[in-house]
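Read the structure below first, then the notes.
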Amino acid sequence: MASASWEVTLLRRPPGARRPRVAARLVLQAPDLSGARAAAEAALAERCSDESRWSLGVLRPLTPMAPGTHRYRAVFARWESAEDRFVRRDVHGLEVWAADAQTARRLAQQEIQQVPGYEPSWRIRQVARADRGPR
């Protein structure tokens with residue numbers, strides 16, 4: 001089986017800094033999610049030589065349907081003013097491939113910013129697996 005492509009973000013927090021910053025983005029080849037995580041951990045270990053605190057960011061599958069991932073659908077909504085109340089309106093749905101719902105949420109939040117007509121006021125209303133069949 002051919003290896004899938006994965007992108008991982010490495011985060012670095014220098015001593016005294018309040019927040020970690022993106023230090024690198026790497027593209028890895030691995031047959032599945034566990035192999036990609038192991039490769040990402042190895043890349044992180046190579047960089048942990050200074051006093052900074054290093055951590056892994058999102059592990060993003062670049063190959064659709066990569067082994068160990070699932071298709072998730074994120075629904076974005078915005079609040080609109082009505083006469084005497086606010087009403088939530090769904091404005092966009094976005095599908096992403098991810099290992100879990102938390103990662104899917106983070107990826108959807110990044111990807112939505114590339115959608116024509118995107119407004120910063122859009123919020124994620126729901127993230128759910130989209131590849132589950134009827135039970």
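The values are calculated or read from the model by the stated rules, or taken from the named source; none is laboratory data. A quick note: this is a predicted structure, and the numbers were derived from the prediction, not measured. Note: ideal-geometry Cβ built from the backbone for every residue, glycine included; neighbour counts use all protein chains shown. All accessible areas refer to the heavy atoms of the entire protein, side chains included, with ligands and DNA or RNA removed. Shrake-Rupley method; radii C 1.70, N 1.55, O 1.52, S 1.80 Å.
For segment 1-22, which positions are surrounded by fewer than 17 Cβ atoms within 10 Å (Cβ to Cβ), modelled with pLDDT of 90 or more and hydrophobic (A, V, I, L, M, F, W, C)?
Within segment 1-22, Val22 is the sole residue that qualifies.
Please determine, by comparing only the residues of segment 46-81 that are in contact with a Leu (Cβ under 7 Å, 6 or more places away or on another chain) and among the β-branched types (Val, Ile, Thr), which one is nearest to Thr9 (Cα to Cα).
Here the residue is Val58.
Can you confirm whether Arg78 is over 18 Å from Arg106 (Cβ atoms), touching a Phe, Trp or Tyr at 6+ places or on another chain (Cβ under 9 Å) and in contact (Cβ under 8 Å) with a residue 40 or more places away in the chain?
yes
Please go through segment 16-34 and give me each residue that is part of a loop (DSSP other than H, G, I, E, B) and under 11 Å from Ala4 (Cβ atoms), ordered by number.
Of everything in segment 16-34, those that are part of a loop (DSSP other than H, G, I, E, B) and under 11 Å from Ala4 (Cβ atoms) turn out to be Pro31, Asp32.
Kindly indicate whether Arg37 is part of a helix (DSSP H, G or I), in contact (Cβ under 8 Å) with a residue 12 or more places away in the chain and open to solvent by 90 Å² or more (accessible area, probe 1.4 Å).
So Arg37 passes the test.
Just one of the numbered conditions (1) in a strand (DSSP E or B); (2) open to solvent by less than 40 Å² (accessible area, probe 1.4 Å); (3) not charged (D, E, K, R) is not true of Ile112; which one?
Here Ile112 meets the rest and fails (1).
Of all residues in segment 40-62, which are hydroxyl-bearing (Ser, Thr, Tyr) and open to solvent by 50 Å² or more (accessible area, probe 1.4 Å)?
Hit for segment 40-62 is Ser49, nothing else.
If I ask for residues that are open to solvent by less than 40 Å² (accessible area, probe 1.4 Å) and within 28 Å of Ala40 (Cβ to Cβ), which ones from segment 77-106 would you list?
The answer is Leu94, Val96, Ala98, Ala99, Thr103, Ala104.
Does Pro61 satisfy the criteria of being over 20 Å from Ile112 (Cα atoms) and under 18 Å from the mean Cα position of the chain (by Cα)?
no
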